[in-house]
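Notes follow the structure.
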Amino acid sequence: MEIAINAPASPLPCERAFSLSMVIRSFKGRRDVDVHLFRSRWTPDEEADTDFAALVRSGSGSRSVILESFTAAERDLIVNYLKEQYSTRLTAIASNPLSFPVPEGLAGFTEIQPGKDAGFIEFEKIPSYPLEFPLMGYYDLSLHPPLTDEE
């Protein structure tokens with residue numbers, strides 16, 4: 001499994017600044033499925049304590065992109081969890097820092113509705129999920145090739 005944790009080029013303006021994704025070898029009849037991981041909820045206090053004026057380029061859009069992101073400590077906990085639980089099923093884990101200011105108008109994953117080929121993995125529903133914060137993964141099967149009978 002390939003793990004790429006990219007460090008920020010300069011100091012970040014807030015702690016909640018890291019994206020995280022994984023690639024599942026085979027999932028729901030598809031090969032190499034990208035899953036974008038995110039925090040699925042947060043407290044009103046977390047939202048109130050975040051200085052969005054300094055983090056989002058004008059306006060109020062894109063707030064959820066920041067609130068769905070991870071701190072470095074959360075990212076490391078998730079990476080360790082994925083390595084321990086799913087090492088044979090994953091081909092890659094990647095993390096990148098967000099670019100600030102975040103452009104206005106970006107929709108967060110919590111704003112997306114599941115569809116025919118797109119959906120969510122709810123890690124909290126997995127009995128062995130050990131982390132103390134909510135974690136979900138978004139996937140779109142239409143972006144990935146089907147498994148063949150030869151595989």
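Using a probe of 1.4 Å on the protein chains alone, the accessible area found for M1 is around 90 Å². Computed extension gain for S128 through A9, at 0.36 nm per residue and net of the alpha carbon distance, reaches 39.3 nm. Couplings 3J(HN,Hα) of region 37-51, computed from phi: 8, 7, 6, 8, 7, 8, 7, x, 5, 4, 5, 5, 7, 8, 7 Hz, in residue order, whole Hz [Karplus 6.51 cos²θ - 1.76 cosθ + 1.60, θ = phi - 60°; x for Gly and Pro]. Relative to the longest principal axis of the Cα atoms of the chain, helix 72-86 runs at roughly 10 degrees. Shown for the chain: the carbon plus sulfur share of the solvent-accessible area, taken with all protein chains present and a 1.4 angstrom probe, equals 49%. GNM on the chain, C-alpha springs below 10 Å: top fluctuator among I112, I126, I78? Ranking I112, I126, I78 by mean-square fluctuation puts I126 first.
In a fully extended conformation the segment linking L143 and E104 would gain 11.5 nm over its present Cα-Cα distance, using 0.36 nm per residue.
For region 2-143, what does the accessible surface come to per residue with a 1.4 Å probe? Please give it in Å². Present the calculation step by step, with values, prior to reporting the outcome.
Numbers: 7790 Å² over 142 residues.
Per residue, region 2-143 has 55 Å² of solvent-accessible surface.
Accessible surface ranking for K28, K116, 1.4 angstrom probe, highest first: K116, K28. Taken over region 2-143, the ratio of Cα radius of gyration to 2.2 N^0.38 Å equals 1.05. Distance between the C-alpha centres of region 31-52 and region 103-151: 13 Å, rounded to the whole angstrom. Per residue, the chain reaches -5000 deg cm²/dmol at 222 nm when only DSSP H runs of four or more residues are counted, each adding -39500 (n - 2.57). The amide H of A92, built 1.01 Å from its N in the peptide plane, has E2, V23 as neighbours under 5 Å, considering only residues 5 or more places off or on other chains.
The values are calculated or read from the model by the stated rules, or taken from the named source; none is laboratory data. Source: prediction; values computed, not measured. Only protein heavy atoms, including side chains, enter the accessible area calculation; ligands, DNA and RNA are left aside. Shrake-Rupley method; radii C 1.70, N 1.55, O 1.52, S 1.80 Å.
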